[in-house]
1. For segment 73-115, give me each residue that is aliphatic (A, V, I, L, M), out of contact with any Leu (no Cβ under 9 Å at 6 or more places or on another chain) and surrounded by fewer than 10 Cβ atoms within 10 Å (Cβ to Cβ).
2. Among residues belonging to segment 26-53 that are in a helix (DSSP H, G or I) and either of a type in the set (Asp, Glu) or loosely packed, with under 12 Cβ neighbours inside 10 Å (or both), point out the one that is nearest to the chain's Cα centre (by Cα).
3. Which pairs do you get when a residue that is free of Cβ contacts under 8 Å to residues at least 60 places away in the same chain, found in segment 31-59, comes within reach of a residue that is of a type in the set (Phe, Trp, Tyr) and surrounded by 10 or more Cβ atoms within 10 Å (Cβ to Cβ), reach meaning Cβ atoms under 8 angstrom, with the pair 6+ apart or on two chains?
4. Could you go through segment 78-92 and let me know if any residue there is within 18 Å of the chain's Cα centre (by Cα) and not hydrophobic (A, V, I, L, M, F, W, C).
5. Of the residues that sit in segment 60-88 and are of a type in the set (D, E, K, R), in a helix (DSSP H, G or I) and modelled with pLDDT of 80 or more, which one is farthest from His100 (Cα to Cα)?
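The values are calculated or read from the model by the stated rules, or taken from the named source; none is laboratory data. Not measured: the values here are computed from a predicted model. No Cβ is skipped: glycine too gets one built from the backbone with ideal geometry, and neighbour counts run over all protein chains shown.
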Amino acid sequence: MFCGLLIYTRRTFTASGKMVFRLIEIPADVPISEAEEALREILVNILEAPEVTAATIREKLIAVTACRGAIKAGDELSVRQMEKLLKELSEADHPYTCPHGRPTILKFSTGELDKMFKRTGF
């Protein structure tokens, strides 16, 4: 499995011993301080895959990279950024989940919102 991963990504890291790899380069948008964490996250995602192929590795690398660059809870956005995000989401092939399958859109009824904000009994 790791041999296939090494062949696919040989320019990124190389074998440095049994089950040990040396990181040679990282994507430009990944800060050096986050490189080890990013690599570990990618490897965990690959190990969780039912079948490890070059396509699986590529898919997992793209998914992790996409989520790492995503807007996170607490990030402040301008109105323009929010509008752009909603426009892009409406044009996406799979707008309801992220690459890992997590939901991107949640629907709440008025009653559910009332309960969340402790506004029941009206």
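1. First, the residues of segment 73-115 that are aliphatic (A, V, I, L, M): 73, 77, 79, 82, 85-86, 89, 92, 105-106, 113.
Still in the running and out of contact with any Leu (no Cβ under 9 Å at 6 or more places or on another chain): 73, 79, 82, 86, 89, 92, 106, 113.
Within segment 73-115, Ala73, Val79, Leu106 qualify.
2. Going residue by residue through segment 26-53, those that are in a helix (DSSP H, G or I) are 32-47.
Filter once more, so that each one left must be either of a type in the set (Asp, Glu) or loosely packed, with under 12 Cβ neighbours inside 10 Å (or both): 32-34, 36-37, 40-41, 44.
Details: Ile32: 18, Ser33: 18, Glu34: 14, Glu36: 15, Glu37: 13, Arg40: 13, Glu41: 9, Val44: 12 Å.
Applying the filter and picking the extreme gives Glu41.
3. Taking only residues 6 or more apart or on different chains, the pairs are Leu39/Phe13; Ala54/Tyr8; Ile57/Tyr8; Arg58/Tyr8.
4. The initial filter retains those residues of segment 78-92 that are within 18 Å of the chain's Cα centre (by Cα), namely 85, 88-89, 92.
Narrowing further to those that are not hydrophobic (A, V, I, L, M, F, W, C): 88.
Checking segment 78-92: at least one residue is within 18 Å of the chain's Cα centre (by Cα) and not hydrophobic (A, V, I, L, M, F, W, C).
5. So in segment 60-88, the residues of a type in the set (D, E, K, R) come out as 60, 68, 72, 75-76, 80, 83-84, 87-88.
Still in the running and in a helix (DSSP H, G or I): 60, 68, 80, 83-84, 87-88.
Checking the rest, the ones that are also modelled with pLDDT of 80 or more come to 80, 83-84, 87-88.
Values: Arg80: 27, Glu83: 24, Lys84: 22, Lys87: 21, Glu88: 18 Å.
Looking at residues that are of a type in the set (D, E, K, R), in a helix (DSSP H, G or I) and modelled with pLDDT of 80 or more, I get Arg80.
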